[in-house]
Amino acid sequence: MHKARHLNVSGILINGAALVLVLSYALPYMYLLMTSIKPAADVQQIPPSFFPAVLSFENFREVLRSSTLPKAFVNSLTVAVLTTALSLAVAVPAAYVATQYRRRITTLFLLFALVTRMVPSVSLGVPLFQLLKSLGLLDTVPGLVLAHTSAAVPLALLLMSAFFEGMPRELEEAARMDGCTRFQAFRKIVLPVMTGGIAVTALFTFITSWNEFLYALLLTSEATKTAPIVIAEYNSVYGLAWGAMTAAAVLYSLPVIVVTLALQKQIVGGLTFGAVKG
Amino acid sequence: MAGIELRNINKVYGNRFHALHDLNFDIRDGEFMVFVGPSGCGKSTALRMIAGLESISSGELRIGDRVVNHIDPKDRDIAMVFQSYALYPHKTVRENIAFPLQMARLPTTEIDSRVNEAARILELTALLDRKPALLSGGQRQRVAMGRAIVRKPAAFLMDEPLSNLDAKLRVQMRGEIASLQRKLNVTTIYVTHDQVEAMTMGDRVAVMKGGVLQQVDTPQNLYNRPENVFVAAFIGSPSMNLYEAVLNGRTLTLGSNSFEIPDRVFEYRPSLNGASNRQVIVGFRPEHMNDAAIRPSSAEISAPVTLVEALGSESLVHLNIDAAWVDAGDPDAVADIGDERAAVARFSPKSTVRAGDIARIAVDAEELHFFEPDTRTSIW
Ligand SMILES: Nc1ncnc2c1ncn2[C@@H]1O[C@H](COP(=O)(O)OP(=O)(O)OP(=O)(O)O)[C@@H](O)[C@H]1O
Ligand SMILES: [Mg+2]
């Protein structure tokens, strides 16, 4: 009896803490959502209200009617998809080699990848600007993809390394005994087994590029402006267009939520790796 | 099918660790060879070198009549069963077993019939469309076996394939693997650190210690004619009792006990003849000691009893023998009960000795083993 009561109390505490945590993440987003469906005039009402008095999609209509935002969405999507593809193409094989054929140099390599993540992107922005300028890639999709890939690869590398570390070596060895070359073993056994991990890594890479602001600000001007830049500009170009801004932000966050939900199974599968052994 | 030859095989790992020293032996075509030895003695290393998963630092490895030192695992025509089974988690049982055949580009009809045949032999037919995650440990083990046998390879390599199973299943699978191997008659190397598995399954057994081969022989010979103290103690359970003793003519003095050695021993080990004050290590197995009250003998010793483990069919009697105990050098040997220096005797359950008694023990002196104290090798 005593024990059950004790468990109950700690259960309440844990659930309470979880609720506070979830609310602290969810509330700002809820506020964004609520604001976006207010009539434009109510947005800056004082004192502000959390819930809209009347439901209105005026803000959404406005941002979709302008030509800048849809174009920025296409840019964002193109850049994010290409960045994800390029990052995975680089990081997956590299992480595999670094973890499965461990030498001092491969350990050093992973450490280096970690170090590049510690340099603030502001300090990398200027050299990147110079570099892309000399390559004639400023304000182009390939230019921004390269910049985003440079930021996403270390993350992808570390994630994939962690997933590969969790994979029993014997899988690859069994494949080689069963008649595979090393590359065939990688392609036919290792990659299919790692789909969960690759999906998780792809998602994080995609989000890195999709949400990226600073490089996009520095390295694009008109042609390849991405959505975060356009959203930010609602505050300068049109004065303080809060309503439009929140509507654009909601629209912009939707793809990430949809993709995350779609990949939920793989993500959970990728994070709980036990299935390979068992 | 093929024999396997190891000639002066050495393994030095990347960190300069010398894991195997001049390994030399032949495995005959169709033979069931067991590698046994304490943890870390290099069994897996040797097996993985034969598989091609680990490079050979020096020496020559032949499979059939080919030197395979630099040949890829896939081209060595050998199948391996891993301790973790290493089943492909994203493939069904059928796909797992078919995989090596697909890699060999066999026609689909041939693949199907071979997979079905293997499944039938291993009683996996009902499980063919399941994924490995939904199988029990024993079933996974069978799938791993299936993946190895479908290929009809020149040799099977198995690294502790039963160590993840519970004791009962292990005994059952032990018998099944051994009879499957006899039926298929494929050269097999089987790694284990369980000497009972080694003795019951192997045509011959290679005993290793610290990267050095100690003895390769049939289970009977390992038991009857161990070449050194380590093999003597490693084979047999409970272990052989080993003590320092002095031989004078025909009289063996073991601590405060002395008894006569029968003629047979001197015929068997002629170099013991004419010993005077010769230091030896003497070994006697628990099963060669009896309660003298039940079975009197010409060679008797007496010693205090420290512990009696009554197992029903027999009693393991721990004795405190007052001679210098010899450490056989098996790092895995831990006395599970009682003092490791105690001698253990296997008494008939009729024996009435109890802890605290001074027991009279009849030693089967014809079954004594003698070793040189300095080289620790058998005296013949
Ligand atoms: N990749 C490696 N690098 C360096 N040393 C290694 C490596 N692999 C194994 N060793 C060492 O080589 C020795 C033999 O290892 P091995 O795995 O062959 O032992 P084993 O006889 O199979 O033991 P167990 O019964 O525990 O499986 C051990 O001391 C081990 O630490
Ligand atoms: Mg091993």
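The values are calculated or read from the model by the stated rules, or taken from the named source; none is laboratory data. All figures in this text were calculated on a predicted structure; none of them were measured in a lab. Cβ sites come from the backbone with ideal geometry, for glycine too, and all protein chains shown count toward neighbours. Protein only, heavy atoms only, side chains kept; ligands, DNA and RNA dropped before computing areas. Shrake-Rupley method; radii C 1.70, N 1.55, O 1.52, S 1.80 Å.
Structure notes:
- Being touching a residue at least 12 places away in the same chain (Cβ under 8 Å) and either more than 24 Å from the chain's Cα centre (by Cα) or farther than 15 Å from A:A80 by Cα (or both) is true of A:K188.
- Restricting B:V81, B:V68, B:V93 to residues that are open to solvent by less than 10 Å² (accessible area, probe 1.4 Å), among the β-branched types (V, I, T) and within 16 Å of ligand 2 (Cβ to nearest atom) narrows the list to B:V81.
- Inside region B:58-86, residues that are of a type in the set (A, V, I, L, M, F, W, C) and more than 8 Å from chain A (Cβ to nearest Cβ) make up a count of 6.
- Of the residues examined, B:F32 is not one that is of a type in the set (A, V, I, L, M, F, W, C), open to solvent by 10 Å² or more (accessible area, probe 1.4 Å), more than 9 Å from ligand 1 (Cβ to nearest atom) and touching a residue at least 40 places away in the same chain (Cβ under 8 Å).
- Matching residues in region B:204-249 - criterion: being more than 23 Å from B:H18 (Cα to Cα) and in a loop (DSSP other than H, G, I, E, B): B:T218, B:R225, B:P226, B:E227, B:I235, B:G236, B:S237, B:P238, B:S239, B:M240, B:G249
- Subset of region B:1-44 that is within 14 Å of chain A (Cβ to nearest Cβ) and either within 16 Å of ligand 2 (Cβ to nearest atom) or touching a helix residue (DSSP H, G or I) at 6+ places or on another chain (Cβ under 8 Å) (or both) - its residue that is nearest to B:A154 (Cα to Cα): B:S44
- Some residue of region A:210-225 being part of a loop (DSSP other than H, G, I, E, B), at pLDDT 90 or above, open to solvent by 50 Å² or more (accessible area, probe 1.4 Å) and closer than 30 Å to A:A41 by Cβ: yes
- Filter result for B:S55 (closer than 26 Å to B:A104 by Cα, within 14 Å of chain A (Cβ to nearest Cβ) and within 16 Å of ligand 1 (Cβ to nearest atom)): yes
- Considering only residues in region B:160-173 that are open to solvent by 20 Å² or more (accessible area, probe 1.4 Å) and either within 16 Å of ligand 1 (Cβ to nearest atom) or aromatic (F, W, Y) (or both), the one that is farthest from B:M80 (Cα to Cα) turns out to be B:R170.
- Evaluating A:G166 against the criteria (1) within 16 Å of the chain's Cα centre (by Cα); (2) within 14 Å of chain B (Cβ to nearest Cβ) leaves one unmet condition, (1).
- Inside region B:1-29, residues that are away from ligand 1 (no atom under 12 Å from the Cβ) and surrounded by 20 or more Cβ atoms within 10 Å (Cβ to Cβ) make up a count of 5.
- Helices (runs of 4 or more DSSP H) contained in region A:58-133 and holding at least 3 residues closer than 30 Å to A:A241 by Cα: A:58-65, A:68-100
- Single match in B:D203, B:D194 (criterion: within 16 Å of ligand 2 (Cβ to nearest atom) and either more than 14 Å from every other protein chain (Cβ to nearest Cβ) or within 9 Å of the chain's Cα centre (by Cα) (or both)): B:D194
- Checked across region B:361-377, the condition of being of a type in the set (K, R), within 28 Å of B:S39 (Cα to Cα) and open to solvent by less than 10 Å² (accessible area, probe 1.4 Å) holds for no residue.
- Within region B:125-144, tally of residues that are within 14 Å of another protein chain (Cβ to nearest Cβ) and part of a loop (DSSP other than H, G, I, E, B): 4
A quick yes/no check of all residues on (1) away from chain A (no Cβ under 14 Å); (2) in a strand (DSSP E or B); (3) modelled with pLDDT of 95 or more:
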site	(1), (2), (3)
B:F156	no, yes, yes
B:N164	no, no, no
B:L169	yes, no, no
B:M173	yes, no, no
B:S179	yes, no, no
B:T188	yes, yes, yes
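- Failed criterion for A:T83 (all others in (1) within 21 Å of A:I257 (Cβ to Cβ); (2) open to solvent by 30 Å² or more (accessible area, probe 1.4 Å) hold): (2)
- Within the option set A:G136, A:G179, being more than 14 Å from chain B (Cβ to nearest Cβ) and either without any contact (Cβ under 8 Å) to a residue 24 or more places away in the chain or among the charged types (D, E, K, R) (or both) holds for one residue only, A:G136.
- Residue in region B:131-145 that is open to solvent by 80 Å² or more (accessible area, probe 1.4 Å) and closer than 20 Å to A:P168 by Cβ present: yes
- When every residue of region B:248-271 is checked against the conditions, at least one turns out to be within 31 Å of the chain's Cα centre (by Cα), modelled with pLDDT under 95 and of a type in the set (F, W, Y).
- Test for B:I235: is it within 30 Å of B:R140 (Cβ to Cβ) and either of a type outside the set (D, E, K, R) or away from ligand 2 (no atom under 16 Å from the Cβ) (or both): no
- Number of residues in region B:96-116 that are open to solvent by less than 50 Å² (accessible area, probe 1.4 Å), in contact (Cβ under 8 Å) with a residue 40 or more places away in the chain and not β-branched (V, I, T): the value is 5.
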